[in-house]
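Below is one structure, written out as C-alpha cells; the observations come after it.
The values are calculated or read from the model by the stated rules, or taken from the named source; none is laboratory data. Quick caveat: nothing in here was measured; it's all calculated off a predicted structure. Here Cβ is always computed from backbone atoms with ideal geometry, including for glycine, and neighbour counts include all displayed protein chains.
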Amino acid sequence: MLAQMGKKVLLIGCDPKSDTTSLLFGGRACPTIIQTSSRMKEAGAELSISDVCFKRDGVFAMELGGPEVGRGCGGRGIIHGFETLEKLGFHEWDFDYVLLDFLGDVVCGGFGLPIARDMCQKVVVVGSNDLQSLYVANNVCSAVQYFRKLGGNVGVAGMVINKDDGTGEAAAFAEAVGIPVLASIPQDEDIRRKSANYQIIGHPDNRWGPLFMGWPRHWELRHRYCHRRSIRTACWDCSMPARLVPTISLSQHTPKTCARPPACRGLPSKSFMTRCEKSYGRAITSH
C-alpha cells in the first residue's frame, strides 16, 4: 500500500525462516544476505546490493537469512546480517519507509537488535487473541520499555490484530499496556486461502483494500513533516508459544512523535535508488 501511494519502501525479512518476502514474490525464495555473502566470500568476490535486493510492484525487498535448523544461532545470524547491511550503506539509502519484519521472540539479543541499537523508530506488534501470542507481545513491549529507561528512542506505534475472531483479547491487552490498535485483520477463509496461495491481500482493487489502506494513511499523516528521512519501522510477529503473564504499562513511556534515532543521520544519497532501478528488475529463482 505504501508503495502504491508513491512512497519508496524497503522490506527486510529478519527471520531465520526467510519467509517474509515469499508472499511478495509469489512463493519464490529470495536469496538471503547471509547465504549470498558467504558464497561470494568463498569465491573471493565482493558483495554488492544488487546481489541481495530485489523489487516487485514498487517494493524493494531482501532477506537477512540465518542458519539451518539446529546448525547455529539465529540471533547471531541477524547481527551478522545487519553488520553486512551497514557495510553496504544501510543508513544512507534513500527510502521513505524501511520495514523490518521480526519474529516475536526478543529474548535473544539478536532479535532485539533494532530496539537495543535504535535502528528503528517505531515498533508494530502483530498478535492474535490467544494467550500465547499476547505473552510474546508483552515481551516486546517490555523490551521497548527497558531500553527507553536506558535512554533509547524506540517506541511502540501500536498493535495489529491478526486473525481476529472477535473475542477482544488482543484489544484488551492493547488497552492495558496503553498502545493503540492500528488495524484488525479478521479471521476469514478468503484471506486464509489467498495467503496459502501467495496472493497479496492488501491491494486497492480487492475487497480487503480499504482495511489495509487505513494504517499507511494514518502513518503518513502522523509523520508528514519527517518525509525527507527514512522512517524505519520494526514489525514483530508474536506467534511464538508461551504463557501469559501480567501486562506492563507503557503509558508513561510513550515516545515523542517522530523522535529521530541516531541511526538516521544526514540526508541519504540517491545513488542507491539509481542502482536499484538498474539491477533489481531480474526475476528471482526458486531455491
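Table: residues versus (1) farther than 25 Å from S195 by Cβ; (2) surrounded by fewer than 20 Cβ atoms within 10 Å (Cβ to Cβ).
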| position | (1), (2) |
| --- | --- |
| D118 | yes, yes |
| S128 | no, no |
| A137 | no, no |
| A143 | yes, no |
| F147 | yes, yes |
| N153 | yes, yes |
| I161 | no, no |
| A174 | no, no |
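Listed residues L113, L100; which is in contact with a Pro (Cβ under 7 Å, 6 or more places away or on another chain) and among the hydrophobic types (A, V, I, L, M, F, W, C)? Give the steps one after another, and end with the answer.
Working: L113 fails: in contact with a Pro (Cβ under 7 Å, 6 or more places away or on another chain).
Unique residue meeting the criteria: L100.
Is it true that G89 is of a type in the set (G, A, S) and surrounded by 15 or more Cβ atoms within 10 Å (Cβ to Cβ)? Give the derivation first.
On the way: of a type in the set (G, A, S): yes; surrounded by 15 or more Cβ atoms within 10 Å (Cβ to Cβ): no.
It is false that G89 is of a type in the set (G, A, S) and surrounded by 15 or more Cβ atoms within 10 Å (Cβ to Cβ).
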Quiz item: Among the residues of the range 24-60, how many are in contact with a helix residue (DSSP H, G or I) (Cβ under 8 Å, 6 or more places away or on another chain), of a type outside the set (V, I, T) and surrounded by 15 or more Cβ atoms within 10 Å (Cβ to Cβ)?
Solution: 8
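For every residue, the table says whether it meets (1) over 27 Å from A157 (Cβ atoms); (2) touching a residue at least 60 places away in the same chain (Cβ under 8 Å); (3) in contact with a Lys or Arg (Cβ under 6 Å, 6 or more places away or on another chain).
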position: G70; (1), (2), (3): yes, no, no
position: E83; (1), (2), (3): no, no, no
position: D101; (1), (2), (3): no, yes, no
position: S128; (1), (2), (3): no, yes, yes
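Restricting attention to the range 1-35, which residues are hydrophobic (A, V, I, L, M, F, W, C), assigned to a loop (DSSP other than H, G, I, E, B) and under 15 Å from L103 (Cβ atoms)? Give the derivation first.
Taking the range 1-35 and keeping what is hydrophobic (A, V, I, L, M, F, W, C), we get 1-3, 5, 9-12, 14, 23-25, 29-30, 33-34.
Now restrict to residues that are assigned to a loop (DSSP other than H, G, I, E, B): 1-2, 14, 23-25, 29-30.
Residue satisfying the conditions is C14 alone.
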Quiz item: Which pairs have Cβ atoms under 6 Å, sit 6 or more apart or on different chains, and link a residue in the range 188-206 that is assigned to a loop (DSSP other than H, G, I, E, B) to one that is of a type in the set (F, W, Y) and surrounded by 12 or more Cβ atoms within 10 Å (Cβ to Cβ)?
Solution: I201/W208; G202/F212
Quiz item: Restricting the range 28-52 to residues that are farther than 19 Å from F82 by Cβ and of a type in the set (A, V, I, L, M), which is modelled with the lowest pLDDT?
Solution: A29
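Residues of the range 78-134 being among the basic types (K, R), touching a helix residue (DSSP H, G or I) at 6+ places or on another chain (Cβ under 9 Å) and not in a strand (DSSP E or B), which ones?
Filtering the range 78-134 down to residues among the basic types (K, R) leaves 87, 117, 122.
From what's left, touching a helix residue (DSSP H, G or I) at 6+ places or on another chain (Cβ under 9 Å): 117, 122.
Within the range 78-134, R117 is the sole residue that qualifies.
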